[in-house]
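Have a look at the structure below, then the notes.
Derivation of every value follows stated rules applied to the coordinates shown; laboratory data play no part. Computed from a predicted model, the values in this text were never measured in an experiment. Note that we place each Cβ from the backbone using ideal geometry, even for glycine, and neighbour counts take in every protein chain shown.
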Amino acid sequence: MIQLTSLSKVFNEGTVNENRAIHNVNLSVEDGEFVTIIGSNGAGKTTLFNLISGNMFPSAGKVVINGRDVTKDPEYKRAVYVGRIFQNPTLGTAETMTLEDNMTIAHYKGCKGLKKSLNRKLRNYFKEQLSELNMGLENRLKDNVGLFSGGQRQALTLLMMVLSKPDLILLDEHTAALDPGNAQMILDLTLKYINEYRLTAMMITHNMSNAIAYGNRLLMMDGGEIILDISGTEKQNTTKEVLVEKFAEIRKKNLANDELLLSP
């Protein structure tokens, strides 16, 4: 599914403000994997997503998705098969358009040579899908999305993403801006869609409990590098305390290596 090879991203290269956001990352994600990603602010998590989605290009390395080298493909081309949801619930929908217009765009995403029209059959299909959210949105097809709450918009963004049939979904702290009740609702909905549609997913979160509870694989990032990669039984037996201990241990080791390299 995804193959990242020697991937690096340097901002302001060659200046006093040089910042190595991603440093020589090698990562393979297989079809159907659900990977959670944790790390402190500035660890490189969102930059990694930007490189995978085509929002920015790497300074070095290669991005391969489904066997195709997409390193130089812009975001709009990758958007056909890569879905992304952000922390801000307003970014996934067009607030000045109606609910049914938003869903129509998502439904026909990536289609070529077809007349993109909204008919009775498609409208009924949208109502069926919306009714599963249990938010009453199936009765608000003519309302502008800007009238909906943050939780409703994020749930709608998830549904629209599923309708567009992506090969990969990138979840960038997609519950962080919601209250606890809506955050849990969105997480439950996320897991439902991932399992139901057998999606390959990567989810950034600052909540270690969620990182442990969700997905079959966990990555920890620091300083633009993946410093921990666990799955299977090891992930199932991991606790927050173990993660904190491993993070401190790895960081201490890395600092010691840096000091050794800098010593005369």
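Some values worked out for this structure:
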item	result
Dipole-positive endmost among Val16, Ser209, Asn144 within region 2-262 (Cβ charges, Cα centre)	Asn144
Charge dipole magnitude, Cβ of K and R +1, D and E -1 - the chain, Cα centre, debye nearest 20	1040 debye
Low-density loop cleavage sites - trypsin sites (Lys or Arg not before Pro) in region 16-76, where at most 14 other Cβ are within 10 Å (DSSP)	Lys72
Cα long-axis angle, helix 150-163 against the chain (0 to 90 degrees, to the nearest 10)	90 degrees
Calculated FRET efficiency for the pair Thr15/Lys62, C-beta based, R₀ 35 Å, to 0.05	0.85
For the chain, built as a Gaussian network whose Cα springs stay under 10 Å, the top-fluctuating residue of Leu228, Leu147, Leu187	Leu147
Förster-model FRET efficiency, 30 Å R0, Ala248 and Asn216, C-beta, rounded to 0.05	0.75
0 to 90° range, to nearest 10: angle between helix 120-131 axis and the chain longest Cα axis	50 degrees
Taking the convex hull of Cα positions in region 2-262, its mean projected area over all directions (nm²)	15.9 nm²
Region 2-262 - share of DSSP beta bridges that are antiparallel (%, nearest 5)	55 percent
Computed Kirkwood radius, in angstrom, where 1/r is averaged over Cα pairs of region 46-116	14.0 Å
Given Lys72/Lys252; Lys45/Lys165; Lys77/Lys252; Lys45/Lys240; Lys109/Lys240, the pairs whose alpha carbons are separated by over 30 Å	Lys72/Lys252; Lys77/Lys252; Lys109/Lys240
Charge dipole (region 2-262, unit charges on Cβ, about Cα centre) - positive-most of Asn55, Met97, Gln87	Met97
Net charge dipole size for region 53-177 [Lys, Arg +1 and Asp, Glu -1 on Cβ; Debye, nearest 20]	580 debye
